[in-house]
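Student: Right, I'll just put the structure down here and ask away after.
The values are calculated or read from the model by the stated rules, or taken from the named source; none is laboratory data. Quick caveat: nothing in here was measured; it's all calculated off a predicted structure. Virtual Cβ from ideal backbone geometry, glycine too; neighbours counted across all protein chains shown.
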Amino acid sequence: MEILRIENLSFTYPLAERSALESVSFSVRQGEFVVLCGGTGCGKTTLLRLIKRELAPHGTRTGNVFLHDAPMDTLDARASAAEIGFVMQNPENQIVTDKVWHELAFGAESLGLPTQVIRRRVAETASWLGIEGWFRQDTDTLSGGQKQLLNLASVLVMQPKILLLDEPTAQLDPIAATEFLNTLARLNREMGMTILLVEHRLEEAFALADRVLLLEKGRLIMDAAPHAVAEALCKTSPPHPMCEALPSAARIYRLLGAKKERCPISVREGRELLQDYSFSAPLPKAPDAALKSGTALAELREVWFRYARDLPDVLRGLTLQLYAGEICCVLGGNGVGKTTLLNLLAGTDKPYRGKVRLAKKESGYAKTALLPQDPLLLFTEDTVRADLLSLLQIVGVPKNEREARVAAAAQELHIETLLDRHPFDLSGGEQQKCALSKVLLTNPDLLLLDEPTKGMDAACKQGLKVLLRTLREKGLCILIVTHDAEFAAETADRCALLFDGEILSAAPPHDFFSENYFYTTAANRIARGFCEHAVTCEAVAAAAKPRGKADAPC
Amino acid sequence: MRAFSALHPSVLLVYFLSVLLLTMFAENPVLRGIALLGGVLCAVLSAPTGGKRKTLRTTLPFLLIVALCNPLFVHEGVTVLFWLGDTPFTLEALLYGVSLALTLAAVILWCGVYNRAVSSDKLLFLFGKAAPRLTMTLCMALRFLPQLLRQLRAADRAQTALGMQTAADRKGRIRGKLRVLSSVLSISLENAMETAASMQARGHVLPGRTHFALYRFTLRDGVLLTTILLLTAAVLAGFISGEAAYAFYPRLTALPATPAAVCTYVAFFALSLLPALLEVVERGKWKFFVSKI
């Protein structure tokens, strides 16, 4: 049975030259799990918000949205609020009240349900999702993943017919994101909930979906089963920009020439694919990047830190050396002290035992610059340009040089077109870039990045990777703390695992990840047993040779 | 104080209103002493150990000042202890000052107990039925303020790390802090837009909003509420009839000890010790259960 139908939907924002959506038509059957994907600015969010009447943006719309064959505009206000559940990207901002139980009850209160009914609905939703444990807590005490689960739960209390989710895992760490997607899969499987998910983390979403819709520049260019979409994307030439966002298995399939019948989209199917290939012996080990320069640019030696006298230690005897001209990634779970490590290097926190040493330079010590997780915290002015100029004024650059410095910085990061916009109007990736250019204006020797890939799509990550490489060539040392194993494997010279307040292992990515069993990239999990040393899709594809050829080495 | 704070919010509110008002209007030193005793007991049973010493250190000087100020500025009373220049320092005024300080101490203690027993959501619940929308706004404010403070700290930190808060002069430093404040306020407004969208999506504007809460009024709550009201009425009767009246000026009157006055004392004693009593009974029960295992 059809639950949602969209007919020739076009939409133009006021004053926009180009329409955001152009005659989009599709329908969603009852109980279907549909993933909607596309590059930044392709109109995904606009489309999703047009389906939820309360959130529909202002502008000119043609075409129509039907829910159960009734046009959206004729829907009763109460039904529209209750039957279409909407979860947004930012876990924090969607929460309205200060207590978990009250947040759960919010929607039911709006519907004017009596206390007894609310009590039962809240109770059964909380226990089905397994969140009774923090039912009476303050919403502020929850982690990002818990907050997003709460947002989902408080929508489910209203008993929606269809769930719309706008990149719900973009701000979560990979473990919380997987958990969230699994909850969605469970809802779909056990409750028959119809789900329309906008997502850029396609590694897992593809395997869950019944159908994938691909938007490009406001047009729906593909509407098919995930395998078919992945295969079609792999076979287009020149390569479609969305190829980078595909699951690792599909990317390996594409790099191997997309020859087989069915495109793999999960780790399991990827491993099946590799059975038909033989692999060359491990590549000769690259010279250890860490050992190339003798003296460290920055050094933490036996550092102990805690936030207050009576709180537990966050770092316990952490030792780490950082060298000029390297990119070092520190990985680790939530709350293991990754951000604390950056604060210590930036000098905003001081260890109570141990030393943080920065190398001596011609003018004083090596300079550090920290880009916090939320880049917005750095902006203070109304335009990016004014913001960069005010920083230069504060750090004491002569007035006549400032404009030129800003122009040079903008050119380096390709943000010339963004300079006259308000920092808040930029997309997440653009904000990150502008904040990075601001941080770089202080001429740091050591650049500290806190989760720079959070909320970025695949294309944006590629851009960041290239940018960090050029900075490294200039002799900067870059320390990144991240959850993103894929990004670390592709970008870093050295990866380290922070656990229980200590750095456990620091090694080049191919050693680091191939020695790990769980904490590794999807590509490495696919290649395990075939070629252990490959940790990126490119490396796996480069090592694979079709079986049956006489010259295959092993 | 788990046994007491688990009562229905309306019972708690009536109790604290009654104890605080009676304490403030009682002139009789016996009643004031009882209020102080009850306050101390409750505070001991409810407060975390670390907080008590600090509270004592900050309030004790203040209480001393109150006790000494009264005889310095009030010259009523007939028993002159000594003359300061040509103004008399009387025994009655001194004792009144001491008694006032003790009352203040009791009120401070009771307010502390109130704060721990009646959290903001309980108070909101009591007004939620009458004004669901106003209550909702208050709830949001309760969440918004701590969030704003956290953001302020984070932004200040981020900009300090970038070297933007290193101005040497005071003017520069103030300008730096203002810059952080204005940027965080705009971030908060931006975030509030999203919160508003999330409320909108969950039908906030629909008419006929109800208010949900976790609290149920049980028989036990009813019994305790009745007890509290009866005891309060007994104490009030003592006040109004003048049986428990006491005067400091012009001369200290004798402490009333008629049967009616004693009844008033007993009623107020029972009232102020009610939370401590509930707590002790509950703890005793636990001890008993444990010993049975």
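Student: Is region A:351-373 home to any residue that is closer than 28 Å to B:Leu152 by Cα, in a loop (DSSP other than H, G, I, E, B) and without any contact (Cβ under 8 Å) to a residue 12 or more places away in the chain?
Tutor: no
Student: Follow-up question, since we're still on this one. Anything in region B:147-180 that is within 35 Å of the chain's Cα centre (by Cα) and either outside any helix (DSSP H, G or I) or within 14 Å of A:Glu381 (Cβ to Cβ) (or both)? List them, or say none.
Tutor: Correct list: B:Ala155, B:Leu178, B:Val180.
Student: Right, another one. Give region B:181-215 a look and list any residue that's touching a Lys or Arg at 6+ places or on another chain (Cβ under 8 Å) and not in a loop (DSSP other than H, G, I, E, B), or say none.
Tutor: B:Ala201
Student: Go over the candidates B:Leu225, B:Leu252, B:Leu219, B:Leu274 one by one and state the one that is more than 30 Å from B:Ala131 (Cα to Cα) and modelled with pLDDT of 85 or more.
Tutor: Going through B:Leu225, B:Leu252, B:Leu219, B:Leu274 in turn, the sole match is B:Leu274.
Student: Now for a separate question. Considering region A:465-487 alone, what residues qualify as being buried (at least 22 other Cβ atoms within 10 Å of the Cβ), more than 14 Å from every other protein chain (Cβ to nearest Cβ) and out of contact with any Ser or Thr (no Cβ under 6 Å at 6 or more places or on another chain)?
Tutor: Hits for region A:465-487 are A:Cys477, A:Ile478, A:Ile480, A:Val481, A:Thr482.
Student: What do you reckon, is A:Leu165 in contact with a strand residue (DSSP E or B) (Cβ under 7 Å, 6 or more places away or on another chain), buried (at least 22 other Cβ atoms within 10 Å of the Cβ) and at pLDDT 95 or above?
Tutor: Criteria met by A:Leu165.
Student: Considering region B:71-120 alone, what residues qualify as being in contact (Cβ under 8 Å) with a residue 60 or more places away in the chain and of a type in the set (D, E, K, R)?
Tutor: Those that are in contact (Cβ under 8 Å) with a residue 60 or more places away in the chain and of a type in the set (D, E, K, R): B:Glu76, B:Glu92, B:Arg116.
Student: Let me ask something additional. Looking only at region B:142-158, which residues are more than 7 Å from every other protein chain (Cβ to nearest Cβ) and either under 21 Å from A:Asn443 (Cα atoms) or in contact with a Cys (Cβ under 7 Å, 6 or more places away or on another chain) (or both)?
Tutor: Within region B:142-158, B:Asp156 is the sole residue that qualifies.
Student: Can we say A:Arg353 is touching a Phe, Trp or Tyr at 6+ places or on another chain (Cβ under 6 Å) and at pLDDT 90 or above?
Tutor: yes
Student: Taking A:Val330 as meeting all but one of (1) within 14 Å of chain B (Cβ to nearest Cβ); (2) under 25 Å from the mean Cα position of the chain (by Cα), write down the number of the exception.
Tutor: (1) is the only condition that A:Val330 fails.
Student: Looking only at region A:83-107, how many residues end up being over 21 Å from A:Ser127 (Cβ atoms), of a type outside the set (S, T, N, Q) and within 7 Å of chain B (Cβ to nearest Cβ)?
Tutor: The number of residues fulfilling the criteria is 4.
Student: Another question, if that's okay. Given the condition part of a strand (DSSP E or B) and either under 19 Å from A:Gly85 (Cβ atoms) or in the same structural domain as A:Ala458 (by TED's automatic domain parsing) (or both), answer yes or no: does some residue in region A:11-24 qualify?
Tutor: Within region A:11-24, not a single residue is part of a strand (DSSP E or B) and either under 19 Å from A:Gly85 (Cβ atoms) or in the same structural domain as A:Ala458 (by TED's automatic domain parsing) (or both).
Student: Under 6 Å by Cβ, and 6 or more places apart or on different chains, what pairs join a residue from region A:316-336 that is in the same structural domain as A:Ile480 (by TED's automatic domain parsing) and in contact (Cβ under 8 Å) with a residue 24 or more places away in the chain with one that is among the acidic types (Asp, Glu) and part of a loop (DSSP other than H, G, I, E, B)?
Tutor: Short answer, once both residue conditions are applied: A:Glu326/A:Asp493; A:Ile327/A:Asp493; A:Asn334/A:Asp173.
Student: What is the one condition in (1) over 32 Å from the mean Cα position of the chain (by Cα); (2) assigned by TED's automatic domain parsing to the domain that holds B:Gly39 that B:Tyr249 does not satisfy?
Tutor: (1)
Student: Looking only at region B:182-191, count every residue that is hydrophobic (A, V, I, L, M, F, W, C), closer than 23 Å to A:Arg49 by Cβ and more than 8 Å from chain A (Cβ to nearest Cβ) and tell me the total.
Tutor: Here the count works out to 1.
Student: Could you identify the single residue in B:Arg202, B:Arg179 that is within 22 Å of A:Thr115 (Cβ to Cβ), within 7 Å of chain A (Cβ to nearest Cβ) and basic (Lys, Arg)?
Tutor: B:Arg202
Student: Next question. Just to verify a result, which residue in region B:256-265, among those that are closer than 17 Å to B:Thr23 by Cα and not β-branched (Val, Ile, Thr), is nearest to the chain's Cα centre (by Cα)?
Tutor: B:Tyr265
Student: Right, next: Residues that are under 22 Å from A:Lys259 (Cα atoms) and touching a residue at least 40 places away in the same chain (Cβ under 8 Å), at least 2 per element: which helices (runs of 4 or more DSSP H) completely within region A:157-246 meet that?
Tutor: A:202-208
Rundown of residues vs (1) surrounded by 18 or more Cβ atoms within 10 Å (Cβ to Cβ); (2) in a loop (DSSP other than H, G, I, E, B); (3) in contact (Cβ under 8 Å) with a residue 60 or more places away in the chain, yes/no style:
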position: A:Leu36; (1), (2), (3): yes, no, yes
position: A:Asn64; (1), (2), (3): no, no, no
position: A:Val96; (1), (2), (3): yes, yes, no
position: A:His102; (1), (2), (3): yes, no, no
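Student: Quick one: which residue in A:Thr520, A:Thr482 is among the β-branched types (Val, Ile, Thr), out of contact with any strand residue (DSSP E or B) (no Cβ under 8 Å at 6 or more places or on another chain) and closer than 27 Å to A:Val336 by Cβ?
Tutor: Every option except A:Thr520 fails the conditions.
Student: On to the next question. Mind listing just one residue for me: the one in region B:80-116 that is assigned to a helix (DSSP H, G or I) and among the β-branched types (Val, Ile, Thr) and, of those, surrounded by the most Cβ atoms within 10 Å (Cβ to Cβ)?
Tutor: Here the residue is B:Val113.
Student: Quick one: how many residues across region B:205-214 are surrounded by 14 or more Cβ atoms within 10 Å (Cβ to Cβ), facing chain A (nearest Cβ under 7 Å) and small (Gly, Ala, Ser)?
Tutor: 0
Student: Out of all the residues in region A:126-144, is one or more more than 10 Å from every other protein chain (Cβ to nearest Cβ), part of a helix (DSSP H, G or I) and buried (at least 23 other Cβ atoms within 10 Å of the Cβ)?
Tutor: no
Student: Residue under question is B:Leu36, and the condition is that it be of a type in the set (A, V, I, L, M), surrounded by 18 or more Cβ atoms within 10 Å (Cβ to Cβ), in contact (Cβ under 8 Å) with a residue 24 or more places away in the chain and under 17 Å from B:Leu231 (Cα atoms); does it hold?
Tutor: no
Student: Listed residues B:Leu124, B:Leu104, B:Leu95; which is among the aliphatic types (A, V, I, L, M) and either closer than 30 Å to B:Leu206 by Cβ or touching a strand residue (DSSP E or B) at 6+ places or on another chain (Cβ under 6 Å) (or both)?
Tutor: Answer to the selection: B:Leu124.
Student: Ok, one more. If you go through region A:306-346, how many residues are in contact with a Cys (Cβ under 8 Å, 6 or more places away or on another chain) and either surrounded by fewer than 20 Cβ atoms within 10 Å (Cβ to Cβ) or acidic (Asp, Glu) (or both)?
Tutor: The qualifying residues number 3.
Student: Also, I was wondering about something else. Is it the case that A:Val330 is of a type in the set (A, V, I, L, M), more than 20 Å from A:Pro174 (Cβ to Cβ) and in a strand (DSSP E or B)?
Tutor: no
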